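Take a look at the structure below.
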2 protein chains.
Amino acid sequence: MSGNSNNQAYKDLRVVVLAGGVGGAKLATGIAAVMPPENLTIVVNTGDDFVHMGLTICPDLDTVMYNLAGVNNTEMGWGRQGESWRVMESVKAYGGPDWFNLGDLDLGAHLTRAQMLNDGLSLTAVTQHLCQQLGIEPTVLPMSDHPAPTMIETETAVLPFQEWFVKERWQPVAKNIQLPENSKSTRDVALALQKADLVIIAPSNPFVSIDPILNCYPIQANVMDLPRAVVAVSPIVGGDAVKGPAAKLMREKGLDVTPVAIADYYGDLLDGFVFDVQDKGLKGSFSVETRCVDTMMVDEASRIRVANDVLAFAYDLTQ
Amino acid sequence: MSGNSNNQAYKDLRVVVLAGGVGGAKLATGIAAVMPPENLTIVVNTGDDFVHMGLTICPDLDTVMYNLAGVNNTEMGWGRQGESWRVMESVKAYGGPDWFNLGDLDLGAHLTRAQMLNDGLSLTAVTQHLCQQLGIEPTVLPMSDHPAPTMIETETAVLPFQEWFVKERWQPVAKNIQLPENSKSTRDVALALQKADLVIIAPSNPFVSIDPILNCYPIQANVMDLPRAVVAVSPIVGGDAVKGPAAKLMREKGLDVTPVAIADYYGDLLDGFVFDVQDKGLKGSFSVETRCVDTMMVDEASRIRVANDVLAFAYDLTQ
């Protein structure tokens, strides 16, 4: 399936990755390993962000940064390597909220971000600073500099995303996912998309990671119009989500839990779609160009292989 | 000097202590050891409070609470016993502000406070909660539920208190100490003062710990009018402050660095003044009733002894 595309000609193109949390972070890290940093921008969902104990927490931004910096905790699957929990133990002893774990090392980022935001810096500028401190070379951009919270409407309440996702362990049925009506993106994101040759939509949750990004004006229109190729990678493999609530949300929406349904959901936005070898038999029903590869990213080598395959496919679509 | 006052008849009186940081915390802890908790209220300076890295930090409230709970760090002289610094190390690695040390255990209080304040609770209610969690029985009240920041005017800038005190190590000459014009106290403080038989002004800094409390309307008027006796304890011993910048501020104000000058500074507010045996020769020049005792509080026994002496003296003044 890989054609003649392993020549890495894509390196000269300018690439924007749209990413949520863990799946997005893995693909972004693979792409960062094969792309010159000056040609790579990663636009990250901030619809999960929330203010907790006085601090603005940006779970997806932090996951992407920790993965790009190689300081992510591979055992837990989230947070920092070598993390400790002294502060959370103290918060619990004070009867404070303990449903969202904040590690000691992780808190260093949240506190630094809080100070910089209070000083009047934008989330974009704060993210640039944190990336510099972590030695991250590609550009990481929040989808917006302003709160654009994703809300989950359940049978009994409308919950901020993290309350549904972490506190309720994404178990309440999501009747509706509410995205804010007037959220706006940033000048930096707009410039990156104007220059982009390729947009890669990471194997993140389409409904709660990618839709919030596309919902920030004018990202959806820019992605539709500007790049020479837009390619998404399926977060659904073998009838389930690789991680997280994507499959459950699809069932609750009445969708089949298949890569085809994901590709159809993105619709005209896509020029190409990458799905996993486990779903090879499904290929015929796609209404978009596809490439079928092993998309499992379990280590650095597989992240790089998937990145290479996805970029090579996208490059081929531009020819 | 102690007369017949060691009978602890003061236990039936209602006592309010006005306190700043370390000196106030020590005397408050001694008084808490000899008074029934239902008869003791400690009103604490919050003019030092500031928002740092998104968190409302209340240094004097925390010092008083940690001392009352017996979890204060006796080696450092501030903060918590058994403290660790994982978060500060991470903040430094992120290039965040590192001039104000926040320990991991300490941060548990700041984060819990931040959440409760963001939830709409008053600082009084938050302090009550933290005291309950720490097992503190006397009532600890902030002087105000609203920010009332003490500002230090130096030759070159007007600095928030902690920037002068910690960041600049209180070295810049304080040309003027600016207290807010319209700061108001709370209903809880007013009720405590209305019921108070004795008010004890701890050996805290008169200018930056006690004045900010008195400056919160209507505390000064209430202290002047309501209690049967008001007694201050000298923070100046042997020509210097026991701790902190009191002596330096006195010199910069053109005052003699003596207990007499402290008593004169408080003036008509006082019914009695306690000074240290090291300054015994100075007794004649006071224009207020005095008692001369060993005021050094180096351990639990001496804190209790000083508390007993001060309360007994105040009791005598009511007879």
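Yes/no per residue for (1) away from chain B (no Cβ under 11 Å); (2) among the acidic types (D, E); (3) closer than 19 Å to A:L18 by Cα:
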| site | (1), (2), (3) |
| --- | --- |
| A:T41 | yes, no, yes |
| A:D62 | yes, yes, yes |
| A:M65 | no, no, yes |
| A:Q81 | yes, no, no |
| A:A93 | no, no, no |
| A:L102 | no, no, no |
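Please work out if B:F165 is in contact (Cβ under 8 Å) with a residue 12 or more places away in the chain, in contact with a strand residue (DSSP E or B) (Cβ under 9 Å, 6 or more places away or on another chain), hydrophobic (A, V, I, L, M, F, W, C) and within 12 Å of chain A (Cβ to nearest Cβ).
no
State yes or no: is B:G103 closer than 21 Å to A:A114 by Cα, without any contact (Cβ under 8 Å) to a residue 24 or more places away in the chain and crowded, with 17+ Cβ neighbours inside 10 Å?
no
So, in the stretch A:117-131, exactly how many residues are part of a helix (DSSP H, G or I) and more than 8 Å from chain B (Cβ to nearest Cβ)?
7
Could you check A:K280 against (1) over 30 Å from A:Q194 (Cα atoms); (2) surrounded by 18 or more Cβ atoms within 10 Å (Cβ to Cβ) and say which number it fails?
Unmet condition: (2).
Within the stretch A:176-195, is there a residue that is more than 14 Å from every other protein chain (Cβ to nearest Cβ), among the hydrophobic types (A, V, I, L, M, F, W, C) and without any contact (Cβ under 8 Å) to a residue 24 or more places away in the chain?
Checking the stretch A:176-195: at least one residue is more than 14 Å from every other protein chain (Cβ to nearest Cβ), among the hydrophobic types (A, V, I, L, M, F, W, C) and without any contact (Cβ under 8 Å) to a residue 24 or more places away in the chain.
Counting residues that are more than 13 Å from B:S204 (Cβ to Cβ) and modelled with pLDDT of 95 or more, which strands (runs of 3 or more DSSP E) fully inside the stretch B:21-71 reach at least 3?
B:50-52, B:55-57
Being more than 23 Å from A:V208 (Cβ to Cβ) and in a loop (DSSP other than H, G, I, E, B) is true for just one of A:G95, A:G108. Which residue is that?
Step by step, each of A:G95, A:G108 is checked, and only A:G95 is more than 23 Å from A:V208 (Cβ to Cβ) and in a loop (DSSP other than H, G, I, E, B).
Looking only at the stretch A:271-315, how many residues end up being under 16 Å from A:P203 (Cα atoms), among the basic types (K, R), in a helix (DSSP H, G or I) and out of contact with any Ser or Thr (no Cβ under 6 Å at 6 or more places or on another chain)?
Here the count works out to 1.
Determine which member of the set B:R187, B:R113 is basic (K, R), crowded, with 21+ Cβ neighbours inside 10 Å and either touching a helix residue (DSSP H, G or I) at 6+ places or on another chain (Cβ under 9 Å) or modelled with pLDDT of 95 or more (or both).
After applying the criteria, what remains is B:R113.
Identify, by number, the condition in (1) at pLDDT 95 or above; (2) buried (at least 16 other Cβ atoms within 10 Å of the Cβ) that A:Q220 doesn't meet.
Of everything listed in (1) at pLDDT 95 or above; (2) buried (at least 16 other Cβ atoms within 10 Å of the Cβ), A:Q220 misses just condition (2).
What is the residue count in the stretch B:266-277 for residues that are under 11 Å from B:A232 (Cα atoms) and surrounded by 15 or more Cβ atoms within 10 Å (Cβ to Cβ)?
Summing the residues that are under 11 Å from B:A232 (Cα atoms) and surrounded by 15 or more Cβ atoms within 10 Å (Cβ to Cβ) in the stretch B:266-277 gives 8.
Just a yes or no: is a residue in the stretch B:53-60 under 17 Å from B:G24 (Cα atoms) and within 12 Å of chain A (Cβ to nearest Cβ)?
no
Taking the stretch A:206-217 as the region of interest, how many residues are small (G, A, S) and either surrounded by fewer than 24 Cβ atoms within 10 Å (Cβ to Cβ) or in contact with a Cys (Cβ under 9 Å, 6 or more places away or on another chain) (or both)? I'd like the intermediate steps shown before the answer.
Just the residues of the stretch A:206-217 that are small (G, A, S), to begin with: A:209.
Of the ones still in play, those that are also either surrounded by fewer than 24 Cβ atoms within 10 Å (Cβ to Cβ) or in contact with a Cys (Cβ under 9 Å, 6 or more places away or on another chain) (or both) are none.
Number satisfying all stated conditions: 0.
Could you figure out which of (1) closer than 20 Å to A:M88 by Cα; (2) crowded, with 17+ Cβ neighbours inside 10 Å; (3) more than 8 Å from every other protein chain (Cβ to nearest Cβ) isn't true of B:R86?
Only one criterion in (1) closer than 20 Å to A:M88 by Cα; (2) crowded, with 17+ Cβ neighbours inside 10 Å; (3) more than 8 Å from every other protein chain (Cβ to nearest Cβ) is unmet by B:R86, namely (3).
What's the number of the condition A:R14 fails, among (1) in contact with a helix residue (DSSP H, G or I) (Cβ under 8 Å, 6 or more places away or on another chain); (2) away from chain B (no Cβ under 14 Å); (3) within 25 Å of A:A241 (Cα to Cα)?
(3)
Quick one: B:G77 ticks every box in (1) closer than 27 Å to B:V298 by Cβ; (2) outside any helix (DSSP H, G or I); (3) free of Cβ contacts under 8 Å to residues at least 60 places away in the same chain bar one, so which box is it?
Condition (3) is where B:G77 drops out.
Go over the candidates A:D256, A:D279, A:D264, A:D240 one by one and state the one that is touching a Cys at 6+ places or on another chain (Cβ under 9 Å) and farther than 23 Å from A:V15 by Cβ. Break it down into steps so the answer makes sense when it comes.
Values: A:D256 fails: touching a Cys at 6+ places or on another chain (Cβ under 9 Å); A:D264 fails: touching a Cys at 6+ places or on another chain (Cβ under 9 Å); A:D240 fails: touching a Cys at 6+ places or on another chain (Cβ under 9 Å).
Sole residue among the options that is touching a Cys at 6+ places or on another chain (Cβ under 9 Å) and farther than 23 Å from A:V15 by Cβ: A:D279.
For the stretch A:182-221, give me the residue count where each residue is out of contact with any strand residue (DSSP E or B) (no Cβ under 6 Å at 6 or more places or on another chain), of a type outside the set (A, V, I, L, M, F, W, C) and farther than 21 Å from A:Q162 by Cβ.
Final tally of qualifying residues: 9.
The values are calculated or read from the model by the stated rules, or taken from the named source; none is laboratory data. None of the values given here were measured: they were computed from a predicted structure. Backbone-built Cβ (ideal geometry, glycine too); neighbour counts: all protein chains shown.
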